[in-house]
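Chemist: Mind looking over this structure? Questions follow.
The values are calculated or read from the model by the stated rules, or taken from the named source; none is laboratory data. Keep in mind it's a predicted model, so treat the numbers as computed, not measured. Cβ placement follows ideal geometry from the backbone for every residue including glycine, while neighbour counts extend to all protein chains displayed. The accessibility values were calculated without ligands, DNA or RNA, using every heavy atom of the protein model including side chains. Shrake-Rupley method; radii C 1.70, N 1.55, O 1.52, S 1.80 Å.
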Amino acid sequence: MTSSDTVKVIQKRSWIGVSHFFGFKPKNPVSTRGLIIYPGAFVDPRNYAPIARHFADQGYYAAVVTPPFNFDFLGVQYATYVKNHWGEDKVTEWVIGGHSLGGVVAADYVSANRAAKDRVHSLFLLAAYTSPLTNLSNLNKPVTSIYGTVDGLTSIGDIENSKKKLPAHTKFVGIDGGNHTQFYYWDSLQNNDNPAQISREQQQAIVEQEIGLLLTM
């Protein structure tokens, strides 16, 4: 969350002071494709900063949206603030996704903004699936669903059930020993989650690898 010689960290607010997102601007961009992350429900958005910062350090524009009260359903369209802030002259396409409820809302956003003019390149889901009213089975964009095999909140059954609402080309990535909490950075186990069988660094490395593929494909 601290600016450096290579990455500028900002908090974008509205004119009345409402926070819209944390932005990570690379000094030397390597791509016109960027990253937007929706946090899990009631999770401090800063806990996803390491993922965004990882890609900013590599030269990608990145942002973590900050929905009101950290509840994503109150900020479904917050990705638009990111897109408007940096404009099409800097980022022509966005890789958009989220964790848990944030993934549900990210899927809603992509569903509502799937036209070419809306600059959505692809969707990633972290321990997440679509809402009952959102069907992306005919989405003609890359989708990656990443889940942990010992997740106590989003089960493998939930992931299996999600397949009918996602495109047939969706890439499913199971992280052996991964849980719900280690998709973000926090010192304690999230309520009702299971202890992970791998380190957070190992789980995050897989997440970064898969999101990186979307950014470069």
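Chemist: Can you give me the distance in nm between label points at ILE156 and ASN28, each placed 7 Å from the Cα along the Cα-to-Cβ direction?
Modeler: So the label points at ILE156 and ASN28 sit 4.5 nm apart.
Chemist: Would you mind calculating the gained length between ALA205 and LEU189 on full extension (0.36 nm times residue separation, minus the Cα-Cα distance), in nm to one decimal?
Modeler: 3.8 nm
Chemist: Another question, then. If you average the C-alpha positions of the stretch 187-216 and of the stretch 59-106 separately, how far apart do those two centres end up, in angstrom?
Modeler: Distance between centres, Cα-based: 20 Å.
Chemist: Pick the calculated percent of Cα pairs over 21 Å apart for this structure from (i) 49; (ii) 61; (iii) 57?
Modeler: For percent of Cα pairs over 21 Å apart, the calculated option is (i).
Chemist: Determine ³J(HN,Hα), in whole Hz, for all residues of the stretch 38-46 in sequence, where each value follows from phi through the Karplus function 6.51 cos²θ - 1.76 cosθ + 1.60 and θ = phi - 60°; x replaces Gly and Pro.
Modeler: Here the 3J(HN,Hα) series is 9, x, x, 4, 6, 9, 4, x, 5 Hz.
Chemist: A further question follows. How much of the accessible area of the stretch 54-164, in percent, comes from carbon and sulfur atoms when a 1.4 Å probe is used?
Modeler: The value for the stretch 54-164 is 52 percent carbon and sulfur by accessible area.
Chemist: Could you list which residues have their amide H under 5 Å from that of PHE172, counting only those 5 or more apart in sequence or on another chain, with H placed in the peptide plane?
Modeler: Residues meeting the criterion, in which the H sits 1.01 Å from N, are SER145.
Chemist: Relative contact order (percent) for the chain, with alpha-carbon contacts under 8 angstrom and 6 or more residues of separation? Write out the running numbers ahead of the final one.
Modeler: Details: 475 pairs, mean separation 33.4, N = 217.
Contact order relative to length: 15 percent.
Chemist: Using a Gaussian network model of the chain with C-alpha springs under 10 Å, which one of ASP44, ASP158, ASP89 is most mobile by mean-square fluctuation?
Modeler: The residue with the greatest mean-square fluctuation here is ASP89.
Chemist: What is the gain in length, in nm to one decimal, between ASN140 and TRP15 on full extension, counting 0.36 nm per residue of separation less the C-alpha to C-alpha distance? Please list the in-between numbers first.
Modeler: Values: separation 125, 0.36 × 125 = 45.00 nm, distance 3.64 nm.
Full-extension gain reported as 41.4 nm.
Chemist: Relative contact order of the stretch 1-82: what whole-number percent is it, with Cα pairs under 8 angstrom and at least 6 residues apart? Show your work: numbers first, answer last.
Modeler: Values: 165 pairs, mean separation 25.5, N = 82.
Reported as a whole number, the value is 31 percent.
Chemist: Okay, helix-only estimate at 222 nm for the chain: each DSSP H run of n ≥ 4 adds -39500 (n - 2.57), divide by all residues, round to 500 deg cm²/dmol; what do you get?
Modeler: -8000 deg cm²/dmol
Chemist: Compute a Gaussian network model of the chain, connecting alpha carbons closer than 10 Å, and tell me which residue from VAL30, VAL65, VAL76 fluctuates the most.
Modeler: Among VAL30, VAL65, VAL76, the largest mean-square fluctuation in the Gaussian network model of the chain belongs to VAL30.
Chemist: Grab the chain and count how many Lys pairs have their alpha-carbon atoms under 23 Å apart, sequence gap of 8 or more, or different chains.
Modeler: 23
Chemist: Looking only at the chain, where both bridge partners belong to it, what percent of the DSSP beta bridges are antiparallel (to the nearest 5)?
Modeler: 30
Chemist: Residue by residue through the stretch 175-184, what is 3J(HN,Hα) from phi via Karplus (6.51 cos²θ - 1.76 cosθ + 1.60, θ = phi - 60°)? Round to whole Hz and write x for glycine and proline.
Modeler: Computed from phi, the couplings for the stretch 175-184 are 9, 4, x, x, 10, 7, 5, 7, 7, 9 Hz.
Chemist: With every protein chain kept in place and ligands, DNA and RNA left out, what is the accessible area per residue of the chain? Probe 1.4 Å, answer in Å².
Modeler: 44
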